[in-house]
Amino acid sequence: MDRIRIQHFSDVLCVWAYVSQIRIDELKQQFGTQVELEYHYVPVFGHAHQKLQAQWSQRGGTEGYSRHVREVVAKFEHCPIHPDIWVRDTPRSSLPAHLFLCAVKLLEDQAPDAAGNTPFERAAWALRQAFFCHAVDISRHEALRTLAQRLALPVAEIESILASGAAHALLSEDMALARDQSVRASPTLLFNEGRQMLTGNVGYRVIEANVRELLRAPAGSSWC
């Protein structure tokens, strides 16, 4: 197999997707054009307030979840975290950010920068940094617009795509694909046309081993 397609599902508000981005970056750097990453979104925090109320009401509420997120990130030296994460300007939903990123994905110009990142990839990481590092409420339209301007993205083109419904259609496809592939957690990586799934806080060496095995032998050609 000459090129490995990897479907990457995540929620921009998911702490595990935030800390694991370094593994995706390493994968791109190590394997280059041997891997093809497809990014999709799954609404783990589609109704963030309701989710926190349902799952954390007996564990300190929003403050308890904030403490949990900070404890998770503290284990990873490469990731900064805002001390008031989830407490200050708590986002209502990850869906506006996902919709914005679908619009960025549909921009005509997806030429990578010097580091090999497309405008979409730069925007996705900038959104995660805005939330986790600076506690920006990325569910608000003005925050998304400000970020697009800071990244020198074509704001008028993005808003035209949003107004057309094209981004909504693409996000709907993502959610349907996640449902069809039984993806419910963030992040999730699918390999080998969905036959192999890695979910959650999976170490880089495990991801690498899956890629190397698929590169070594075509799908379905080995019994071991």
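The three principal axes of the Cα atoms in the chain give end-to-end lengths of 51, 43, 33 Å, sorted in falling order. Positive end of the dipole of the chain (Cβ unit charges, origin at the Cα centre): among Ser164, Val202, Ser139, the Cα lying farthest that way belongs to Val202.
Highest mean packing comes first when the peptides 126-137, 83-94, 50-61 are listed by Cβ atoms within 10 Å, giving 126-137, 83-94, 50-61. Taking Ala115, Ala163, Ala209 in turn, the Gaussian network model of the chain (Cα-Cα springs below 10 Å) assigns the largest fluctuation to Ala115.
Under 17 Å from a point placed 7 Å out from the Cα of Glu108 along the Cα-to-Cβ direction: which residues of the range 138-161 have their backbone N that close? Flagged as within label range: 153-161. For the residues Glu142, Glu26, Glu108, a GNM of the chain with alpha-carbon springs under 10 Å puts the largest fluctuation on Glu108.
If you take the Cα centroid of the range 2-63 and the Cα centroid of the range 145-222, the two points sit 9 Å apart.
Since every read-out is calculated from the coordinates, none of them should be taken as a lab result. Bear in mind the structure is a predicted one, so any value in this text is a computation, not a measurement. With ideal geometry, Cβ positions are generated from the backbone for all residues, glycine too; neighbour counts draw on all protein chains shown.
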